[in-house]
Amino acid sequence: MKVFKAIIEGSNLSGKDSIGHILEQQFTECTKVVIHSYYRPGLAQMFQSRPEKMIEYGQKRLSLLLPLFLHSLDPLIFLRFHITDWVYLKLFYQQANLDYQKIEDQLNQAKVALVVLTLSDQAIEKRLEERKRQGKTGPWDKDKTSLIEKRDAYQEVFQKSRLKHKLLLDTSSTIPSEAAEKIIQWWHSLKL
């Protein structure tokens, strides 16, 4: 019997948290792991002049989490994993040619599916304005241009990923429950 194991990735405002919450409810006995604080200011300052140390830090962090995918018998959802690592190193340290093959080989072995959420320029603008109207601040409170740049980086890295089972899902005009249902239907169609 196949077990739902997925990494949900995407730029800010793409719907990761909402969709992840719904997926967690759909799969009983599911474990959801949320990785926050990628390259927070303290880390960025600590490694500012030594991007190779930041790369090493990210690789160690990911390697420590890989056994969860390899040995879990229960459904498993990760919000953010190596794609976010890849994107942030690309954007903040201009490290474009990173090699995640060993990690992706192990993820393929564990039959992990990758879902990268994306959205249109108009959806980014609309969601950014909604957050501002609600008085919410956070990593998405930057300008639209930086959010588009990040979204584009996720799409580029998605194309480079060697994971066997991957889905690029546009959430521009879907509500989280519809997006979660699309992910579930897609996953059920996979021959794992």
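The values are calculated or read from the model by the stated rules, or taken from the named source; none is laboratory data. All of these numbers come straight from a predicted model, not from anything done at the bench. In this analysis, Cβ positions are derived from the backbone assuming ideal geometry, glycine residues included, and neighbour counts consider all displayed protein chains.
In table form, for the structure just shown:
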quantity	calculated
Leading residue by the ranking (farthest from residue 65 (Cα to Cα)) among those in region 94-130 that are part of a loop (DSSP other than H, G, I, E, B) and not polar (S, T, N, Q)	119
Which numbered condition residue 9 misses (of (1) of a type outside the set (Lys, Arg); (2) touching a His at 6+ places or on another chain (Cβ under 9 Å); (3) in contact (Cβ under 8 Å) with a residue 40 or more places away in the chain; (4) under 17 Å from residue 106 (Cα atoms))	(4)
Count - residues of region 147-170 that are in contact with a Leu (Cβ under 9 Å, 6 or more places away or on another chain) and farther than 24 Å from residue 69 by Cβ	5
Residue within region 74-85 that is surrounded by fewer than 18 Cβ atoms within 10 Å (Cβ to Cβ) and of a type outside the set (A, V, I, L, M, F, W, C) present	yes
Filter result (over 10 Å from the mean Cα position of the chain (by Cα) and modelled with pLDDT under 95) within region 1-11	1, 2, 3
Residues of region 16-38 classified as part of a loop (DSSP other than H, G, I, E, B), more than 21 Å from residue 87 (Cα to Cα) and among the polar types (S, T, N, Q), total	1
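Quick grid of which residues meet (1) surrounded by 14 or more Cβ atoms within 10 Å (Cβ to Cβ); (2) free of Cβ contacts under 8 Å to residues at least 60 places away in the same chain; (3) not in a loop (DSSP other than H, G, I, E, B):
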{"site": "92", "(1), (2), (3)": "yes, yes, yes"}
{"site": "136", "(1), (2), (3)": "no, yes, no"}
{"site": "169", "(1), (2), (3)": "yes, yes, yes"}
{"site": "181", "(1), (2), (3)": "yes, yes, yes"}
{"site": "187", "(1), (2), (3)": "yes, no, yes"}
